[in-house]
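What follows is a single structure, written as structure tokens, with notes after it.
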Amino acid sequence: MTPNRHNHARQTPSDNDTVLDAVRDCVMAVGVRRTTMTDVARRAGVSRMTLYRRWPDVRSLVGDLMTREWIAVATGAMPAPAQGTDTRSRIVEGLVAGVEAFRAHPLFRKIVDVDPELLLPYVLDRRGASQEALLGLLADALAEGHADGSVRRVHTGRQARSVLLVVQSFALSLRTMTDEDDADLSPAALLAELRTLLERTLTP
């Protein structure tokens, strides 16, 4: 069964949040593969038919959940504008803080530990809704940096995609490159290197 996209407009954001909160609770409890539409409906206090009108299966529910959670991480990590701080500095600090917050996010950690294959399509095959949304946020910030002269002016879309590729690799693979016995290869040391990489690639 495919979702009826026309019904999406009839649901309020709070309705969707209630369902996505229920999905998050289920996934945190048992993982994605063991979560069922029945489990989600029960936790959300709605019928399965109500869910199927909007989402065809658990993976589509989890996809919307990841989009909500990752965008919240990205927007929450970006520093507010402050006097004496240029856009480039805000972008760099926001991206580094975002990587730290993403890696510490309970949902991300659960998926990596229990259902890592869920992330593979977004790394190898296609962009997901969360990546599209992140590209939009990043492109807007880079355009602002172009305007105030703090960010190297190149094609905004290409620059946004290139930066996201770098940041995404750190977010997903950082732990494979760290060494607990070497302070120079600690997560903090590698995140400091990420800060340097971003600063140098964005500086005019």
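What the table below lists for this structure:
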{"item": "The chain: angle of helix 156-177 to the longest principal axis, Cα-based, in degrees nearest 10", "result": "80 degrees"}
{"item": "Accessible surface, the chain, averaged per residue in Å² (probe 1.4 Å)", "result": "56 Å²"}
{"item": "In degrees, nearest ten, helix 129-148 long axis to first principal axis of the chain (Cα)", "result": "30 degrees"}
{"item": "Potential extension, T178-V123 segment - 0.36 nm per residue separation minus Cα distance", "result": "17.7 nm"}
{"item": "Student exercise, the chain dipole from Lys, Arg, Asp, Glu Cβ charges, in Debye to nearest 20", "result": "960 debye"}
{"item": "Of all accessible heavy-atom area on the chain, the percent that carbon and sulfur account for (1.4 Å)", "result": "53 percent"}
{"item": "Efficiency of FRET between R33 and I71 - r from beta-carbon atoms, R0 35 angstrom, step 0.05", "result": "0.90"}
{"item": "In degrees, nearest ten, helix 13-30 long axis to first principal axis of the chain (Cα)", "result": "90 degrees"}
{"item": "Extended-chain gain in nm, criterion 0.36 nm per residue less alpha-carbon gap, R195 and S47", "result": "48.6 nm"}
{"item": "Accessible surface of D181 - all protein chains present, 1.4 Å probe, nearest 10 Å²", "result": "150 Å²"}
{"item": "Paramagnetic reach from D148 in the range 79-104 [backbone N under 14 Å; point 7 Å along Cα→Cβ]", "result": "79-94"}
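The values are calculated or read from the model by the stated rules, or taken from the named source; none is laboratory data. Model, not experiment: these values are computed from the prediction. Reconstructed Cβ throughout: ideal geometry from the backbone, glycine too, with neighbour counts over all protein chains shown. Heads up: the accessible areas ignore ligands, DNA and RNA and are worked out on the full protein's heavy atoms, side chains in. Shrake-Rupley method; radii C 1.70, N 1.55, O 1.52, S 1.80 Å.
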